[in-house]
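The values are calculated or read from the model by the stated rules, or taken from the named source; none is laboratory data. A quick note: this is a predicted structure, and the numbers were derived from the prediction, not measured. Cβ: placed from backbone, ideal geometry, glycine included. Neighbour counts: every protein chain shown. Side chains are part of the model used for accessible areas, which takes the heavy atoms of the whole protein and leaves out ligands, DNA and RNA. Shrake-Rupley method; radii C 1.70, N 1.55, O 1.52, S 1.80 Å.
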Amino acid sequence: PAMAERYAADAVEVSDESPECVLQWAKALTELAKYGEAVAQCRQILDHESLPPLVRARTLHQMGVLAAFGSDEVAKRSVPLHNRAIEIADGLAADEDSEIAAAAGELLVDAHLAVAAGITRGEWDKKDQYVAQWIGRASALAEHLIERDDQYLPQRLKVAVTALNVGSRLQPPID
C-alpha cells in the first residue's frame with residue numbers, strides 16, 4: 001500500500017490531477033488508514049463539474065467505504081453513499097461501451113456487498129433478511145459478469161467471502 005500510495009500521488013501530479021488518478025490515490029490512502037486524507041481527495045473529485053458518471057459512482061462508493069471506518073454516527077452514512085453509487089452504476093451497466101458496462105458491473109457487486117456489511121453494523125430490523133437480499137443481488141450481478149467473460153470468476157469468490165464475513169456478524173449467524 002505504501003508503494004501504491006507513492007505511485008498514485010506521482011500519477012496525480014503528472015496527470016494534472018485527473019479525477020481517476022486522484023481516486024486511485026484515495027484508495028491507496030484508505031489502505032494506509034489515512035482516512036482524513038482519503039476523504040479530502042474524494043471530496044476534491046466530487047467537486048469536479050464535468051465528472052464522468054462512472055468516476056462519480058466509484059468515488060461515492062469509496063466515500064461509503066471511508067464512512068464505514070468512522071464513528072457510529074459517520075458509519076450510518078455509508079449505506080446511503082453506496083446506494084447513490086448503485087443508482088449511477090445501474091444506469092451504466094447497460095452502456096454501449098463494454099468496458100464502462102463491465103466496470104459498472106464490478107462496482108455494483110462491490111457496492112451491494114458494502115451495503116450488506118453496512119446493514120450488519122447498523123440498527124436495522126430484520127437484518128438477516130436484508131443482508132441475505134443484498135448478498136443475493138451481489139451474487140446475481142457477479143454471475144452476470146461471469147456470463148460475459150470468465151475473467152470475472154473472482155467476483156464469485158468475493159461474494160462468498162463477504163457473505164461469510166457479514167453473515168457471521170449477525171445474531172444468530174446466517175448459514
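Give GLY167, GLY136 a once-over and let me know the one that is part of a helix (DSSP H, G or I) and touching a residue at least 12 places away in the same chain (Cβ under 8 Å). Spell out the reasoning first.
Numbers: GLY136 fails: touching a residue at least 12 places away in the same chain (Cβ under 8 Å).
Selected residue: GLY167, the only one of GLY167, GLY136 that is part of a helix (DSSP H, G or I) and touching a residue at least 12 places away in the same chain (Cβ under 8 Å).
When restricted to residues that are surrounded by fewer than 16 Cβ atoms within 10 Å (Cβ to Cβ) and within 25 Å of THR120 (Cβ to Cβ), the range 84-106 contains 1. Among the residues of the range 122-153, those that are exposed (fewer than 14 other Cβ atoms within 10 Å of the Cβ) and either in contact with a strand residue (DSSP E or B) (Cβ under 7 Å, 6 or more places away or on another chain) or farther than 19 Å from ASN83 by Cβ (or both) comprise GLU147, ARG148, ASP149, ASP150, GLN151, LEU153. Listed by first and then second residue, the pairs with beta-carbon distance under 9 Å, at least 6 apart or on different chains, first residue in the range 24-38 and aliphatic (A, V, I, L, M), second part of a loop (DSSP other than H, G, I, E, B) and surrounded by 16 or more Cβ atoms within 10 Å (Cβ to Cβ), are ALA28/LYS34.
Scan the range 7-23 residue by residue and report those that are in contact (Cβ under 8 Å) with a residue 12 or more places away in the chain and either basic (Lys, Arg) or open to solvent by less than 50 Å² (accessible area, probe 1.4 Å) (or both). If the condition is that a residue be in contact (Cβ under 8 Å) with a residue 12 or more places away in the chain and either basic (Lys, Arg) or open to solvent by less than 50 Å² (accessible area, probe 1.4 Å) (or both), then ALA8, ALA9, ALA11, VAL12, PRO19, CYS21, VAL22, LEU23 are the ones that fit.
Tell me which residues, restricted to the range 28-52, are under 24 Å from ASP97 (Cβ atoms) and open to solvent by 70 Å² or more (accessible area, probe 1.4 Å). The answer is GLU49, SER50.
A quick yes/no check of all residues on (1) among the polar types (S, T, N, Q); (2) at negative phi; (3) outside any helix (DSSP H, G or I):
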site	(1), (2), (3)
GLU17	no, no, yes
VAL22	no, yes, no
ALA38	no, yes, no
GLN62	yes, yes, no
